[in-house]
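A short worksheet on the structure shown next.
The values are calculated or read from the model by the stated rules, or taken from the named source; none is laboratory data. Values in this document were obtained by computation on a predicted structure and should not be read as measured data. When we count neighbours, we look across all protein chains shown, and the Cβ atoms used for this are built from the backbone with ideal geometry, even at glycine.
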Amino acid sequence: MSTEVSEVDNSKIEHGFHCSDSEFLEKKVSKKYFTKTILKHGQGFLRPYLESACVVDISYGTNEKTEIVVEKDNLQNLKIPFGKCINLVLGSAETEAVRIVEKCLMTMRTGEESEFVIQNVTNLHSETDRHNHNFSVLLTITLHSFSETKPIWSLISQEKYQLALFHKEKGTHFFKQCEIESAFCQYSLAIVYLICITEISMVVDAKLSSETKSQREIYKSLKCICYLNLAMCQMKVANYNGVINNCTQALLLDNMNVKGLYRRAQAYLACQRLDEARSDLKKALKIEPKNSAVSSLLYSCKQ
C-alpha cells in the first residue's frame, strides 16, 4: 500500500467545493482534521456535497500502528452514528466529531471504503475543556450511495440564504433544548452559506436595483445574527476568546448592535480586559441609554 501523503486545502471541503481528482487519488491523504487511508476505491468521479443524503457503514476500531483507544463514555458523547446502512444527511451534524465525519464523506466516491483517523476530537467548545479532552478516533467508513446535490458555489444567492435560514432556525431549536454543541454546529453551517453569498455579492454594481440592495441587507442581518448566536453558544461554555471574535465579526456588520457590544464586554470582563469592556458598554449606553443590563455591567466594571 502506498504511503504517499498529500495536503488538502481545508476550505474546499469545509465549504463543499469539489476538489480536483489528483488530490484524492493517493492511497493516503492527510488533513488538519483527519488522515485517510483508502481500503477500497470507489466508482466514478462524483462525491457528496452539503445536503447530500448518504447511505453509509461506520464502524469504530483500533489499529496496531495508531494504538487509538477511546473511552466508551467519550465515544457516546461524540454522537457518531455507528452501524450498517445508516442514512446521514451532510450538514445535519450535532457535534464537532460528526462534522468531521461529514468532511470525510465529502472526500469519498460511491462504493469506496476508507479508514480515517480523526484527530483532536472534542465534544466541547470551552478552551479549557478542549485542552483537557482532545483525543483521536479511528473509523472505517463505506459510502454505499448518496443523492446528488448542487455544490455550494453553483447555488444562487437566494438558495444559499434559504439554506442558511434553515440551519439557523435548526440551531435555535437546539439551543432552546440546551443542546449547545448541536446549536453551535448549525449556526456555523449557516455562516458558511452566508459567507459564500458575501464573497460573490461584495462586487457591488452601482446600477443595482433597490430590491437587490434590500436583499443584500437581509443577508447581512442574518449573518450578524448567526455570529451573535455563535457567541452566545461559546459564552455558555466559557470560551471567551470565541465570544470576542464572533461578536467582533457581528459588529463589523452592524457597529451599533447593542447585543454584540454587551456580549463582547461580558467576555472582556471575564478575561480581565476592563478598559475594553468599559469602552463597549459606554458605546452601548449611548445607543440605548435606558438599557439596565448594560448599566449594571458597566457599574460592576468600575468597582
- What are the pairs, 6+ residues apart or on separate chains, where a residue within the stretch 84-107 that is touching a residue at least 12 places away in the same chain (Cβ under 8 Å) has its Cβ under 6 Å from a residue that is part of a helix (DSSP H, G or I) and small (Gly, Ala, Ser)? Glu94/Ser182
- Exception for Ala93 within (1) under 19 Å from the mean Cα position of the chain (by Cα); (2) modelled with pLDDT under 85 falls at (2)
- Of the candidates Ser20, Ser52, the one satisfying the condition of being surrounded by fewer than 13 Cβ atoms within 10 Å (Cβ to Cβ) and either modelled with pLDDT of 75 or more or more than 18 Å from the chain's Cα centre (by Cα) (or both) is Ser20
- Inside the stretch 258-291, the number of residues satisfying the requirement of being at negative phi and either outside the structural domain of Ile225 (by TED's automatic domain parsing) or not in a helix (DSSP H, G or I) (or both) is 6
- Item | Pairs with Cβ under 9 Å, 6+ apart, first in the stretch 264-287 and not aliphatic (A, V, I, L, M), second not in a helix (DSSP H, G or I) | Arg278/Lys302; Lys283/Asn255; Lys283/Met256
- Query: Consider Cys85 against the criteria (1) modelled with pLDDT of 95 or more; (2) within 15 Å of the chain's Cα centre (by Cα): it satisfies all of them except one. Which criterion is unmet?
  - Reply: (2)
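Of the residues that sit in the stretch 136-177 and are under 18 Å from the mean Cα position of the chain (by Cα) and surrounded by fewer than 19 Cβ atoms within 10 Å (Cβ to Cβ), which one is modelled with the lowest pLDDT?
Residues of the stretch 136-177 under 18 Å from the mean Cα position of the chain (by Cα): 151-153, 160-175.
Among the residues that remain, those that are also surrounded by fewer than 19 Cβ atoms within 10 Å (Cβ to Cβ) are: 151, 153, 162, 165-166, 169, 172-173.
Working: Pro151: 88, Trp153: 84, Gln162: 94, Leu165: 96, Phe166: 96, Glu169: 97, Thr172: 97, His173: 96.
The extreme case among them is Trp153.
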